[in-house]
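The values are calculated or read from the model by the stated rules, or taken from the named source; none is laboratory data. Every value quoted in this text rests on a predicted model; they were computed, and no experiment measured them. Note: ideal-geometry Cβ built from the backbone for every residue, glycine included; neighbour counts use all protein chains shown. Areas reflect the complete protein model, heavy atoms only, side chains present, ligands, DNA and RNA absent. Shrake-Rupley method; radii C 1.70, N 1.55, O 1.52, S 1.80 Å.
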Amino acid sequence: MTIWDSLVGQRVAIEALQTAARGHGMSHAWLFTGPPGSGRSNTAVAFAAALQCEHQGLGPDCPQGCHDCRTVLAGSHADVAVIRTEKLTIGVKEVRDLVRRASLTPMGRRWQILIVEDADRLTEQACNALLKAIEEPTPRTVWMLCTPTVEDVLPTIRSRCRLVALSTPTAAQVAGFLVSLGCDPERASYAARASQGHIGRARALAFDDAVRDRRQDVVGMPARLTSLGACLASATRLAEVAKAEADEITAQLDAREKADLDAAYGVVERGRRPRDYGPALRDLEGAQKTRAKRRQLDVVDRGLIDLISVYRDAIAVATGAPAELVNEDIRTDVERIVQTSSPELNLQRIGWIFEAREQMLEFNVPIALALESMMVALRVPTPR
């Protein structure tokens, strides 16, 4: 067992990183790209562990049990910082804090490593602050940026980074990984197909019945869009489910942050609120509201990807493509869609889903409104 074993279907990238960890082709800045769920940040963290480990994280000398590997993977290593955001963007303040840390000498004998997840969310000011640090690196500092594509960061930044392009794992690779975790082979096969190569999503579908049930509800929607009422009901359902799931994810964290704030200002002990407590509480509530919105958008976005998979399956059936369907378990619904449409129409439908996605993510259109418009556009034509 090594630090690389949880990275599914990334043999080429792993070999390159192992070579760099041994001192060949090492760079002060790395750019990890790949589709959602391919494991960009997990790969960066594994590489950080290999760089901090005297054995490069390889067994049998280091079976993922040495202090450096263990603390990097746990997120507690003194010389490895990971910046994550629950907001829609990563601002210049967060990046400047990282830049200041990058200028420090590592506490250990090896590297100071800064990992930026979702680097595509960096604001323009944040990018400029990061660029200067990458242009003038300190000798023992390593930057690792994670984005879906190389186009998601400034050309001046990506030109100074060594690229590590991750691929989407095959369904067989994902299924094998799930089976190794104790999943039933049949359910592992379903989760691997339904996740479309997204490792985190595959694990949730394999081991959480509620996640699987929610997905089944979503992929069943296209065949039910036979009237205006059904379209509006489906839009409402998708928005409500997304909000409920997002609230479930954030509720405990919100409560814990509020308790920490109260403790920091001594609200419980004093029985009253200090003057500067109010502004701090407003800032916290604003950040929590932004985080909740992002979570809801993330859940909706996942639902849209599931909808797209149904129409892609319909195109595959209509054109006689030999590949196994993503939604093989609802083939009857897919065939019903084929009977009432054409491949060209289903391509248009996929385009309409992407338009709704862009409206919500880029133009801040209210979720309910964007989903209603999309569902009406997806409506199954009435037979003549």
So what's the angle, to the nearest 10 degrees on a 0 to 90 scale, between helix 209-219 and the longest Cα principal axis of the chain?
50
Surface per residue (accessible, 1.4 Å probe) for the chain, Å²:
51
Quick one: pull the percent of accessible area on the chain belonging to carbon and sulfur, 1.4 Å probe, ligands and nucleic acids left out.
52
Of the listed pairs Lys87/Lys293; Lys243/Lys289; Lys93/Lys293, those with alpha carbons more than 18 Å apart are Lys93/Lys293
Net charge near Asp68: determine it from the other residues with C-beta under 11 Å of the C-beta of Asp68, scoring Lys and Arg +1 and Asp and Glu -1.
+1
On the principal axes of its Cα set, how long, how wide and how thick is segment 245-340? Give whole Å, largest value first.
71, 20, 19
Counting only the backbone N, which residues of segment 236-258 are under 20 Å from the spot 7 Å out from the Cα of Val376 toward its beta-carbon?
236-240
Calculate, in nm to one decimal, what Ser342 and His24 gain on full extension: separation in residues at 0.36 nm each, minus their alpha carbon distance.
109.2 nm
Please work out the Kirkwood hydrodynamic radius for segment 91-183, using every pair of different C-alpha atoms, and report it in angstroms with one decimal place.
15.1
Taking the square root of 5λ for each eigenvalue of the C-alpha gyration tensor of segment 1-141, the equivalent ellipsoid has semi-axes, largest first and in whole angstrom, of 25, 18, 14
Pseudo-spin-label distance Thr149 to Arg272, built 7 Å along Cα→Cβ, given in nm, is 5.9
Here Rg/Rh (Cα, Kirkwood) for the chain equals 1.00
How high is the relative contact order of the chain, in percent, with contacts defined as C-alpha pairs under 8 Å that are six or more residues apart?
17
For the chain, calculated [θ]222 nm from helices alone, where every DSSP H run of n ≥ 4 adds -39500 (n - 2.57):
-19000 deg cm²/dmol
The summed charge of the Leu232 Cβ neighbourhood (under 13 Å; Lys/Arg +1, Asp/Glu -1) stands at +1
Assigning unit charges at the beta carbon (Lys, Arg +1; Asp, Glu -1) and nothing else, what dipole magnitude in debye, to the nearest 20, does segment 187-234 show about its Cα centre?
160
At a Förster distance of 41 Å, what's the computed FRET efficiency of Glu335 paired with Lys289, Cβ-Cβ distance as r, to 0.05?
0.40
Please compute the length gained on full extension between Thr138 and Leu181, using 0.36 nm multiplied by the number of residues separating them and subtracting their Cα-Cα distance.
11.4 nm
The local net charge around Glu355, scoring Lys/Arg +1 and Asp/Glu -1 for residues other than Glu355 whose Cβ lies under 11 Å from its Cβ, equals 0
Alpha carbons only, please: Rg and Dmax for segment 116-164, in angstrom.
10.2, 28
Can you give me the C-alpha center-to-center distance between segment 184-240 and segment 281-341, rounded to a whole angstrom?
7
Largest first, what is the accessible-area ranking of Thr89, Thr71, Thr123 with a 1.4 Å probe?
Thr89, Thr123, Thr71
Only loop residues by DSSP count here, and only those with at most 15 other Cβ atoms within 10 Å; note down the GluC sites (Glu not before Pro) in segment 320-384 that meet that.
Glu324
Size of electric dipole in the chain: Cβ of Lys, Arg +1 and of Asp, Glu -1, about Cα centre, debye, nearest 20:
680
For a quick check of your reading of the filter: which GluC sites (Glu not before Pro) in segment 26-126 sit in a DSSP loop and have no more than 16 other Cβ atoms within 10 Å?
Glu54, Glu86
Chymotrypsin sites (Phe, Trp or Tyr not before Pro) within segment 326-384: which are DSSP loop residues with at most 15 other Cβ atoms inside 10 Å?
Phe363
